[in-house]
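I have placed the structure first, in the form of structure tokens, so that the comments after it can refer back to it.
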Amino acid sequence: MPDKASKPVADKSTRKAERLQHELLVAYRTVDGFITDWAVNISRGGIFINTRNPLPANSVVRLIISLPDAAFPFDLTGRVIRVQPHDPQGEQTSGMGIEFMDVDDEKRARLERFVDRLRAELPDDEPVKK
């Protein structure tokens, strides 16, 4: 299981928003129904879900996210923009990077508040933007 500490994630891919490492339970729809996995990092614009069976790149997925400071989970639509296949000898976490799509103002504000609160709890290290 991933480390529950929140910290900036350095990544060589292009990022629109700073991504913070934080464990968060997420459900998403597949052809077989809903699956629950752990998102291991989050930003205002997307998440990375730790899974041995990532969906193919460009798949559109419905997500149900429970933020710790919210009374009820909310749903979002996202697109798989990066896939990291499972490699038992590899050091990278297997899973899929999902970019949020068509987020309404209320959901965007909730995500921003959550990410800003995580950022405020980080040590004084300079966050990495990609």
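How big is the charge dipole of region 17-121 about its Cα centre, in debye rounded to the nearest 20, if each Lys and Arg gets +1 on its Cβ and each Asp and Glu gets -1 on its Cβ? Can you show the working numbers first?
Values: 13 positive and 16 negative charges, 21 e Å.
Approximately 100 debye in magnitude.
Over the alpha-carbon set of region 32-130, divide Rg by the Kirkwood Rh and report the Rg/Rh ratio to two decimals.
0.97
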Take ASP116, ASP104 and order them by how many other Cβ atoms sit within 10 Å, fewest up front.
ASP104, ASP116
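Each value in this text was obtained by applying a stated rule to the coordinates, not by laboratory testing. Model, not experiment: these values are computed from the prediction. Heads up, the Cβs are rebuilt from the backbone with ideal geometry, glycines too, and the neighbour counts pull from every protein chain shown.
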